[in-house]
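Engineer: The structure that follows is given in the form of C-alpha cells.
The values are calculated or read from the model by the stated rules, or taken from the named source; none is laboratory data. Remember, it's a predicted structure, so these values are computed and weren't measured experimentally. Virtual Cβ from ideal backbone geometry, glycine too; neighbours counted across all protein chains shown.
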Amino acid sequence: MSLVKNSLHTVIFQSANQVIGVLSGILLTRLIGPEGKGIMSIFTANIGFLSTLLLFNLNKGLIYYGAEDINVRVKIFNSIFLFILGSNILIYAFLFLSNVFNLAFLTTILPIGYTGAIYIGYLSLQILAACTFMLFIGFYQASEKFKRNNAIDTATSSLGLIAYAVLYALAFIYKDRYPLYVFFICNIVISSIQLAIWLTVTFKTFGNIFAFTFIDGDLLKKIVRYSSVYFLGGILLFLIHRLDFWFVSYYRGYEQLGYYSLATNLSSFVFIITGSLFTVLFPRLSKMNSNSERMEIVATISRIIIPATLLICLAIVSVAWIFIPLLYGHRFANSVAPFNILLIGAFMVGIGSIISAYFSGSGIIKYNLFSTFLGVAVTIPLDFWLIPRYGIIGSSIATTLSFSVLTISQFIIFYKIKGKLDFILITKNDIKLIKELVSNIFKRTNV
C-alpha cells in the first residue's frame with residue numbers, strides 16, 4: 001500500500017507541477033514570442049545535454065547503491081557534488097576562454113548573437129544548478145522521501161510562475177517588451193532561490209549532509225560502472241528528445257523552433273502518471289530480492305497504465321486545437337499539428353517507462369540502453385530526411401517513430417524475460433483492484 005500511497009502522492013504533486021509549468025510557459029511564451037522561445041529552447045537543450053554529460057548519471061548510482069544506508073548515501077552525495085563542482089569550474093573557464101579568443105566552437109553550443117559573457121555565465125550556472133538539483137532529487141528518492149521531494153518540486157516550480165507573472169503584468173502596464181537577457185537574469189535568480197530552498201529543507205530533514213566524507217575506490221568503481229550504462233542511455237535518449245531541436249533551428253530557424261518546442265513541451269503532459277510511477281518504482285524495485293515479484297508488480301501496473309495513458313492522450317488531443325492558440329496566441333496555432341503527432345510518441349514512451357523501471361530496478365539496464373540505441377538509430381536518418389523537406393511536421397513524425405521503436409523493443413525484451421504477454425491488456429482483476437484502491441482513497445479522505 002505504501003507503493004500506492006507514494007505513487008498517488010507523486011501523481012498529485014506532478015500534476016500540480018505540470019499545471020504550474022504550463023501557466024509559466026504561457027506567460028513566458030507571450031512575453032518573448034516564437035523566435036525568443038526558439039532561442040530559449042536552444043539554451044535549454046544545451047543545458048540539458050551538457051548537464052547530462054557532466055553528471056554522468058551518477059545520481060542513478062546514488063539511488064541504486066545508497067537506498068539501504070544513509071551513511072553510504074551521504075558519502076556518495078558528497079563525492080558526486082565535489083566532482084560536478086570542479087567540472088563546472090573547468091567548463092566555465094573553457095567557455096570564457098573560447099569567447100576571449102573568438103573560437104568558432106562557441107557558436108555550436110550558443111545561438112548566434114548570444115555568445116557574450118552574460119550568456120556564458122548563464123549557461124554555466126544553469127548547468128551547475130541542473131546537476132545539483134538532480135543530485136538532491138536522487139538523494140531524496142534513495143531515502144524514499146517522496147512527499148518531501150514532491151513538495152520541494154512544487155514550491156520551486158511556483159517561483160517561475162510568480163516571476164513571469166510579475167514581468168507580464170509590468171509589460172502589460174507599461175506596454176513594453178523586455179530584451180531577452182532579462183529572462184536569463186530572471187532564471188538565474190530563480191535557480192538561486194530554488195537552491196536555497198533545497199539546502200534549507202535538506203538541513204532540516206537530514207542535518208548537514210555536506211560532511212565531506214567520500215566513498216572508497218571499490219564503491220566508486222561500482223557506481224561508475226552502473227552509472228555509465230545509464231549515462232550512455234541518457235545521452236542516446238537525450239538525442240531522441242532534443243536532436244531535432246538543432247536540426248529544426250538549422251534548417252527552419254528559431255521561429256519554427258519556437259512553435260515546435262512548445263509542441264514538445266506540452267506533449268510531456270502525458271508523463272504525469274508514468275513519470276511519477278517510475279520515480280516511485282525504481283528505488284522500490286531495487287530493494288526487492290524476488291524477480292518474479294518484480295515482474296508481477298510491473299505487469300499489473302503496465303496493464304492499468306496503458307488504457308489510462310490512452311484516455312489522457314485522447315482527452316488532450318480533443319481540445320488542443322482550441323486551447324493552444326487561445327492560451328499562447330494565434331501565431332502558435334502552428335504548434336497544433338506537430339503536437340498531435342508528438343502525442344502518439346509521448347503515449348509510447350509513457351507506457352514504456354514502466355518496463356524501463358523494471359530493467360533499472362533489476363540491474364539489467366543494458367536493455368534500456370539497447371532500446372534507446374534503436375530509437376536513436378531511427379531518429380538520426382529520419383531527421384536528416386524529413387526535417388529539411390517537411391519542417392516541424394517531419395520532425396514530429398521522426399520523433400514519434402523513434403519513440404515507438406524504443407518502446408516496442410522494450411516490450412519484446414520484457415516478454416522474452418517474462419515468458420508471458422500478460423502486461424498489455426487490462427483484466428477483470430485489475431479493474432477490481434482499481435475499484436478497491438479508489439474506494440480506500442475516498443474512505444481515507446472522507447469523501
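Engineer: Here are some conditions: (1) among the aliphatic types (A, V, I, L, M); (2) without any contact (Cβ under 8 Å) to a residue 60 or more places away in the chain; (3) touching a helix residue (DSSP H, G or I) at 6+ places or on another chain (Cβ under 7 Å). Residue 315 meets all but one. Which one does it not meet?
Structural biologist: (3)
Engineer: Also, I was wondering about something else. Answer yes or no as to whether residue 252 is part of a helix (DSSP H, G or I), among the charged types (D, E, K, R) and over 20 Å from residue 51 (Cα atoms).
Structural biologist: So residue 252 passes the test.
Engineer: Do we have any residue at all in the range 13-21 that's modelled with pLDDT under 90, surrounded by 21 or more Cβ atoms within 10 Å (Cβ to Cβ), β-branched (Val, Ile, Thr) and outside any loop (DSSP other than H, G, I, E, B)?
Structural biologist: So far as the range 13-21 goes, no, none of its residues is modelled with pLDDT under 90, surrounded by 21 or more Cβ atoms within 10 Å (Cβ to Cβ), β-branched (Val, Ile, Thr) and outside any loop (DSSP other than H, G, I, E, B).
Engineer: Could you grab me the full set of residues in the range 100-116 that are assigned to a helix (DSSP H, G or I) and either of a type in the set (Phe, Trp, Tyr) or modelled with pLDDT of 85 or more (or both)?
Structural biologist: Once the filter is applied, which keeps residues that are assigned to a helix (DSSP H, G or I) and either of a type in the set (Phe, Trp, Tyr) or modelled with pLDDT of 85 or more (or both), the range 100-116 yields only 105.
Engineer: Restricting attention to the range 124-174, and to residues there that are crowded, with 19+ Cβ neighbours inside 10 Å and among the aromatic types (Phe, Trp, Tyr), which single residue is nearest to the chain's Cα centre (by Cα)?
Structural biologist: Here the answer is 133.
Engineer: Also: Are any residues in the range 321-339 touching a helix residue (DSSP H, G or I) at 6+ places or on another chain (Cβ under 7 Å) and surrounded by fewer than 19 Cβ atoms within 10 Å (Cβ to Cβ), and if so, which ones?
Structural biologist: 321, 325, 327, 329, 331, 333, 337 - these are the residues of the range 321-339 that are touching a helix residue (DSSP H, G or I) at 6+ places or on another chain (Cβ under 7 Å) and surrounded by fewer than 19 Cβ atoms within 10 Å (Cβ to Cβ).
Engineer: Between 355, 344, 365, which is of a type in the set (Val, Ile, Thr) and in contact with a Gly (Cβ under 9 Å, 6 or more places away or on another chain)?
Structural biologist: None of the others qualify; the one that does is 365.
Engineer: To continue, here is another question. Would you confirm, using the coordinates I've provided, whether residue 49 is over 14 Å from the mean Cα position of the chain (by Cα) and crowded, with 21+ Cβ neighbours inside 10 Å? It would help to see each step written out before you state the result.
Structural biologist: Numbers: over 14 Å from the mean Cα position of the chain (by Cα): no; crowded, with 21+ Cβ neighbours inside 10 Å: yes.
When the stated conditions are applied, residue 49 does not pass them.
Engineer: Now for a different question. Return a yes/no flag: does the range 415-429 have any residue that is exposed (fewer than 15 other Cβ atoms within 10 Å of the Cβ), at pLDDT 95 or above and either among the β-branched types (Val, Ile, Thr) or more than 17 Å from residue 299 (Cα to Cα) (or both).
Structural biologist: Checked against the condition, which is being exposed (fewer than 15 other Cβ atoms within 10 Å of the Cβ), at pLDDT 95 or above and either among the β-branched types (Val, Ile, Thr) or more than 17 Å from residue 299 (Cα to Cα) (or both), the range 415-429 yields no hits at all.
Engineer: Let me ask you something else. Please find, among 280, 224, the residue that is part of a helix (DSSP H, G or I), in contact (Cβ under 8 Å) with a residue 12 or more places away in the chain, surrounded by 22 or more Cβ atoms within 10 Å (Cβ to Cβ) and not acidic (Asp, Glu).
Structural biologist: 280
Engineer: With the condition kept exactly as written, say whether any residue in the range 346-353 is farther than 26 Å from residue 429 by Cβ, surrounded by 20 or more Cβ atoms within 10 Å (Cβ to Cβ), aliphatic (A, V, I, L, M) and in contact (Cβ under 8 Å) with a residue 12 or more places away in the chain.
Structural biologist: Yes.
Engineer: Could you grab me the full set of residues in the range 52-64 that are surrounded by fewer than 21 Cβ atoms within 10 Å (Cβ to Cβ) and either out of contact with any helix residue (DSSP H, G or I) (no Cβ under 8 Å at 6 or more places or on another chain) or under 23 Å from residue 209 (Cα atoms) (or both)?
Structural biologist: Selection gives 54 alone.
Engineer: Do you know which residues across the range 122-151 are under 16 Å from residue 280 (Cβ atoms) and part of a helix (DSSP H, G or I)?
Structural biologist: 137, 138, 139, 140, 141, 142, 146, 147, 148, 149, 150, 151
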